[in-house]
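Accompanying notes for the structure given below.
Just so it is clear, none of the values below were taken in a lab; they were calculated from the coordinates. Everything numeric in this text was worked out from a predicted model, so none of it was measured. For neighbour counting, all protein chains shown are included, and Cβ atoms are generated from backbone atoms with ideal geometry for every residue, glycine included.
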Amino acid sequence: MRIARFVAVVAALTAMGLAAIHLRARTTRAGYELARERARQRQLQEERARLRFEVGRLKAPDRIIEQAHRLDLVPSASRNAH
C-alpha cells in the first residue's frame, strides 16, 4: 500500500510540475507575442502620423497651385485677357 501511495504522490507531483512548466512556457510565449504586437503598434502609429503629414502636405493649396502651373493646367494671364 505504501508503495502505491508513494507512486501516486510522485505521479501527482510530476503532473503538477509539468503543468507548471507548461503554464510558464505559455506565459513567456504570450509575453514575447505581446512585446512584438506593441512594437508593431508603435510602427503603425508612426506610419499613420507620417501619412497624415504627407496628406496634409499634398492637400496644401500652395502646392496644388504650384503643380497646376507646372503642368499647365491653369490658364495663363494672357489667355484670360482675350
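Taken along the Cα-to-beta-carbon direction at a fixed 7 Å, the label points for Arg48 and Arg63 span 2.1 nm. Anyone know which of Leu44, Leu18, Leu71 comes out most mobile in the 10 Å Cα GNM of the chain? Maximum among the listed residues: Leu71.
Electrostatic tally near Glu54: other residues with Cβ closer than 14 Å to its Cβ, Lys and Arg +1, Asp and Glu -1, net +4. Along its three principal directions, the equivalent ellipsoid of the chain from the Cα gyration tensor extends over semi-axes of 76, 8, 5 Å, largest first. Against the chain, whose longest principal axis comes from its Cα atoms, helix 2-59 is set at around 10 degrees. Any idea which of Val7, Ala25, His69 is furthest toward the positive side of the dipole for the chain, if Lys and Arg beta-carbons carry +1 and Asp and Glu beta-carbons -1? The residue sitting farthest along the positive end of the dipole is Val7.
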